[in-house]
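Q: Below is a structure I'd like to ask you about.
The values are calculated or read from the model by the stated rules, or taken from the named source; none is laboratory data. In this text, all values refer to a predicted model and were calculated from it rather than measured experimentally. Counting neighbours? That spans all protein chains shown, and the Cβs are built from the backbone with ideal geometry, glycine included. Accessible surface is based on the protein model in full, side chains and every heavy atom, while ligands, DNA and RNA are left aside. Shrake-Rupley method; radii C 1.70, N 1.55, O 1.52, S 1.80 Å.
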Amino acid sequence: MNQVEDVFPSRKNHSAWMNEALRLAGKAYREGEIPVGAVIVQKNKIIGRGYNQRERLKDPTAHAEILAITAAAGTLEDWRLTDCTLYVTKEPCPMCAGAIINSRMRLLVFGAYDEEKGCCGSLYQLCGDRRLDSKTAVKGGVVEEKCTAILQDFFQTKRNPK
């Protein structure tokens with residue numbers, strides 16, 4: 001890895017990190033949670049991981065992004081994640097977009113778009129909104145087919161149990 005790729009990850013790196021987030025989404029799926037996974041990367045190293053755990057923790061805020069942000073802040077011992085990239089398998093909701101903005105994340109990369117609750121391009125665009133003093137750049141649709149497929153499979157299984 002060179003210094004340019006540390007600051008501006010390549011498409012290949014985006015896919016590799018998203019596949020790690022997908023691995024965590026699979027863990028959520030196996031635990032009966034909506035299959036969303038997230039990793040936070042700084043200098044080509046994962047410093048925070050999370051996957052949806054609302055049911056298990058009985059916590060409405062236990063989204064993959066929130067848990068990954070908390071883990072990354074703990075790793076850095078700082079709430080400012082200014083030189084970090086968040087990879088998440090589904091477009092963040094308003095709560096998660098707010099946490100991303102508040103953590104001053106440099107870049108958000110997500111897989112599946114969420115036309116119903118997505119706040120990073122679909123329904124709203126909170127990340128990067130200068131009115132909110134957000135400087136977070138957004139890239140959607142990375143490994144989109146796999147990210148969408150795991151969500152569709154999960155909900156299909158819930159609607160039509162065997």
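Q: Can you tell me which residue within region 14-38, out of those that are within 15 Å of the chain's Cα centre (by Cα) and either at positive phi or polar (S, T, N, Q) (or both), is surrounded by the fewest Cβ atoms within 10 Å (Cβ to Cβ)?
A: Filtering region 14-38 for residues that are within 15 Å of the chain's Cα centre (by Cα) and either at positive phi or polar (S, T, N, Q) (or both), the one surrounded by the fewest Cβ atoms within 10 Å (Cβ to Cβ) comes out as Ser15.
Q: Return the total of residues in region 79-101 being surrounded by fewer than 21 Cβ atoms within 10 Å (Cβ to Cβ) and under 20 Å from Asn13 (Cβ atoms).
A: Total meeting the criteria: 2.
Q: Continuing with the same structure: Out of region 115-140, which residues are touching a strand residue (DSSP E or B) at 6+ places or on another chain (Cβ under 7 Å) and either surrounded by 17 or more Cβ atoms within 10 Å (Cβ to Cβ) or assigned to a loop (DSSP other than H, G, I, E, B) (or both)?
A: Step one: of region 115-140, the residues touching a strand residue (DSSP E or B) at 6+ places or on another chain (Cβ under 7 Å) are 120-121, 126-128, 136-140.
Across region 115-140, the qualifying residues are Cys120, Gly121, Leu126, Cys127, Gly128, Thr136, Val138, Gly140.
Q: Determine, yes or no, whether Leu76 is over 18 Å from Ala25 (Cα atoms), open to solvent by 50 Å² or more (accessible area, probe 1.4 Å) and in contact with a strand residue (DSSP E or B) (Cβ under 8 Å, 6 or more places away or on another chain).
A: Values: over 18 Å from Ala25 (Cα atoms): yes; open to solvent by 50 Å² or more (accessible area, probe 1.4 Å): yes; in contact with a strand residue (DSSP E or B) (Cβ under 8 Å, 6 or more places away or on another chain): yes.
Considered against the rule, which asks whether it is over 18 Å from Ala25 (Cα atoms), open to solvent by 50 Å² or more (accessible area, probe 1.4 Å) and in contact with a strand residue (DSSP E or B) (Cβ under 8 Å, 6 or more places away or on another chain), Leu76 comes out as yes.
Q: If you check every pair at least six apart or on different chains, which have Cβ atoms under 7 Å apart with a residue in region 117-137 that is within 9 Å of Cys93 (Cα to Cα) first and a residue that is of a type in the set (D, E, K, R) second?
A: Gly118/Glu91; Cys120/Glu91
Q: Could you tell me whether Arg104 is out of contact with any Leu (no Cβ under 9 Å at 6 or more places or on another chain) and open to solvent by 80 Å² or more (accessible area, probe 1.4 Å)?
A: On the way: out of contact with any Leu (no Cβ under 9 Å at 6 or more places or on another chain): no; open to solvent by 80 Å² or more (accessible area, probe 1.4 Å): yes.
For Arg104, the condition - out of contact with any Leu (no Cβ under 9 Å at 6 or more places or on another chain) and open to solvent by 80 Å² or more (accessible area, probe 1.4 Å) - is not met.
Q: Would you mind stating whether Lys90 is among the basic types (Lys, Arg) and touching a strand residue (DSSP E or B) at 6+ places or on another chain (Cβ under 6 Å)?
A: On the way: among the basic types (Lys, Arg): yes; touching a strand residue (DSSP E or B) at 6+ places or on another chain (Cβ under 6 Å): yes.
Spelling it out, Lys90 is indeed among the basic types (Lys, Arg) and touching a strand residue (DSSP E or B) at 6+ places or on another chain (Cβ under 6 Å).
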